[in-house]
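Where a number appears in this text, it was derived from the coordinates with a stated rule and is not lab data. Since the model is a prediction, treat every value here as computed from it, not as a measurement. Cβ: placed from backbone, ideal geometry, glycine included. Neighbour counts: every protein chain shown.
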Amino acid sequence: MAELSSGAESAPEARSRRWLLRGLAGGAALTGVGVAVWRGGAPAAVAEPVAGFWAQRWESPDGKSVALQSFQGRPLLMNFWATWCPPCVEELPLINQFFRENRANGWQVLALAVDKTAPVQTFLQHMPLDFPVAMAGMAGAELGRSLGNLTGGLPFTVVLSGDGVVRQRKMGRVSPADLQAWAGLK
């Protein structure tokens, strides 16, 4: 029988080492996401809105204009999402329910898709939403960063008071408890 040299690994040992390295990499990634969620989930208000915030304008998936200025004066939940982001898609029914339950109390919701138009149109045919959706593209990612999403991750949700002050930020999927707590903000 031929013996393996001391520098060679058997196939099972190499496979085990690869799985160990993958596990370590996955653990590191989860730790990074956890830190981002922990940091992004902390409530933080800013003194005033981002410069030029209310002047921004986008197109809806059906080509209509969506002006941020039209949301000024009432509380706004702004959600940054994409069709290719599973947690984004999972939380949209919760956000839609929040809107249905709270619009009579003055709440508004705007979903900013950091995505391409065709997939958003297809998505909305299967899951219509009761609130406006705007195509923000990469400019939406920049707006998200200016509102506190330093990692650029999705989903990202910002709650603004009627005067445009950021009242809450949430990196990651919103929960029913988040939405219930935010409903009391104005």
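Values for this structure:
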{"read-out": "FRET efficiency, 1/(1 + (r/R0)^6) with R0 35 Å, evaluated for Ala181 and Arg145 via beta carbons", "value": "0.90"}
{"read-out": "Separation of the Thr122 and Gln69 label points, Cα + 7 Å toward Cβ, nm", "value": "3.6"}
{"read-out": "Ranking of Val159, Val89 by count of other Cβ atoms within 10 Å, fewest first", "value": "Val89, Val159"}
{"read-out": "Cut-off under 5 Å, modelled amide H: who pairs with Arg167 long-range", "value": "Val159, Leu160, Ser161"}
{"read-out": "Net +/- balance of residues flanking Leu129 in space, Cβ distance below 15 Å, scoring K and R +1, D and E -1", "value": "-3"}
{"read-out": "Residue order, fewest to most surrounding Cβ atoms within 10 angstrom, among Trp107, Trp81", "value": "Trp107, Trp81"}
